[in-house]
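Here is the structure we will look at, set down as structure tokens.
Since every read-out is calculated from the coordinates, none of them should be taken as a lab result. Remember, predicted model here, so these are calculated numbers, not experimental data. So basically every Cβ, Gly included, is an ideal-geometry build from the backbone, and we count neighbours across all protein chains shown.
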Amino acid sequence: MYDSVFDLLPSEANPSPLVRINSLHPLRDQLDRGESTFELFAKLEWMNPFGSVKDRAASYLLRDLEQRGQLTRDERDRDGKITKHGRGIVEPTSGNTGISLAAMASAKGYHMRAIVPEKVPEEKKVMLRLAGAEVDVLTDAMCPSPGMGEGSIGLARTYAKAQSDRYVMPNQYENPLNVQAHIETTGPEIWRQTGGRITHFFTSLGTCGTVTGVATFLKAKNPAIKIIALQPSQGHDVPGIRNKDELHVTKLFNPSLIDEVLEVPFEKAYTSAVGLCQREGLFAGPSSGLIFEGARMILERDKPAQGLGVMIFCDNVFKYISSMVKHLPALAGDHETRP
Ligand SMILES: Cc1ncc(COP(=O)(O)O)c(C=O)c1O
């Protein structure tokens, strides 16, 4: 029994689960022939209370704003109508950070305004509103580099400056607490869950809070652990993650902590996600699909005889139904013969 949903946030004592990859293990044949004992696990970040890896950064950002007295609650009448605006949050987001922040801010009585690029899937925009956020969708015309985030960051900054009595911007792209959250939660969870046996860590690059935080923690424990970042090919359409050409938006990318950055054809994010759903029972979203595909490419190339890999599965597929159907139209079922 929990006192509130906040008690479900992940920590070393309450880690998100690690689940073994079985039928789709890239070294299945080698395992069966006794030539390898390499174990591969997915860390299911969608088991976090607001549905993604971003619950970690968002809870750190919100707690910091509260502790520094930066937020005040909206005042409401009996019907829930706002009678006096407090000081809430404005944040540029590709969806997941905004959903986590909005859910937690709303539950605590703070206002949240999310600035999202147009290409964010419709489901995420609806989820943001459902979680209580006011949503500004930037059209390509308003955004200097469509989909890359600069436009959203700029607009959020403008709100935070021009209406500083109404908004404060935690800025996940620059805030060191985004990294700290992973140094203090994700890293220690993985270390403890694997009994220190991890040899390979596979993740993606978005704000880079995950890769920088987890790598900082794991490299301090054992510098031999390989940190591998998977990036989608250029011109990609995988929400939440970035190709290296888009990384200038974030200040949290630290290449010195990363052993290898591998580019994965972005279409594989979608086909891989389907494979994980159908062959492992893991309802992985496209960025998890891309990470799995990258891990597969590396393990098939290097064929390690032993070791243990952990992949971050950032969120599940439910928020990406429109993107899945766009890339794999057969999923819409229109081709099926009707009785
Ligand atoms: C679906 C998804 N995958 C991966 C990431 C990358 O995580 P990070 O921002 O910590 O690099 C994000 C970040 O928003 C995301 O939304």
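Sorted ascending by nearby beta carbons within 10 Å, beginning with the fewest, ILE183, ILE241 become ILE183, ILE241. Within region 70-168, DSSP assigns beta bridges of which about 20% are antiparallel (rounded to the nearest 5). Helices in the chain, meaning DSSP H runs of at least 4 residues, each add -39500 (n - 2.57). Divided by all residues, the mean residue ellipticity at 222 nm is -10000 deg cm²/dmol. For region 107-250, the dipole from Cβ point charges (+1 on Lys and Arg, -1 on Asp and Glu) about the Cα centre works out to 560 debye, to the nearest 20. If you wrap region 70-168 in the convex hull of its Cα atoms and look at it from every side, the mean projected area works out to 6.1 nm². Couplings 3J(HN,Hα) for region 260-274, derived from phi with the Karplus relation 6.51 cos²θ - 1.76 cosθ + 1.60 (θ = phi - 60°), are 8, 10, 10, 8, 10, x, 5, 4, 5, 4, 7, 5, 5, 4, 5 Hz, where x marks Gly and Pro. The gain in end-to-end length when the LYS303 to LYS84 segment is fully stretched comes to 72.7 nm, 0.36 nm per residue minus the alpha carbon separation.
Count charges around VAL135 for me, please; just the other residues with Cβ under 12 Å from its Cβ, Lys/Arg as +1, Asp/Glu as -1. For residues surrounding VAL135, the net value is -1.
Cα-based radius of gyration for the chain, normalised by 2.2 N^0.38 Å, reads 1.00. Between SER233, VAL325, PRO255, the Cα set farthest toward the positive side of the dipole of the chain (charges on each charged residue's Cβ, about the Cα centre) is that of PRO255. Neighbours of ASN178, meaning other residues whose beta-carbon lies under 13 angstrom from its beta-carbon, give a summed charge of -1 when Lys and Arg score +1 and Asp and Glu score -1. Counting beta carbons within 10 Å around each of LYS319, LYS84 and listing the fewest first gives the order LYS84, LYS319.
Taking label points 7 Å from Cα along the Cα-to-Cβ direction, SER11 and GLU35 give a separation of 4.6 nm. Taking amide H atoms as placed 1.01 Å from N in the peptide plane, the amide H of ILE21 lies under 5 Å from those of LEU40, PHE41, ALA42, each 5 or more residues away in sequence or on another chain. Using only side-chain charges placed at the Cβ, +1 for Lys and Arg and -1 for Asp and Glu, the dipole size of region 1-52 relative to its Cα centre rounds to 180 debye.
Greater than 19 Å separation of Cα atoms is the criterion. Which listed pairs, LYS268/LYS326; LYS54/LYS319; LYS125/LYS326; LYS108/LYS251, meet it?
On the way: LYS268/LYS326 14 Å; LYS54/LYS319 14 Å; LYS125/LYS326 17 Å; LYS108/LYS251 29 Å.
Listed pairs above 19 Å: LYS108/LYS251.
For the chain, a simple Cβ point-charge model (Lys and Arg +1, Asp and Glu -1, everything else neutral) yields a dipole of about 500 debye relative to the Cα centre.
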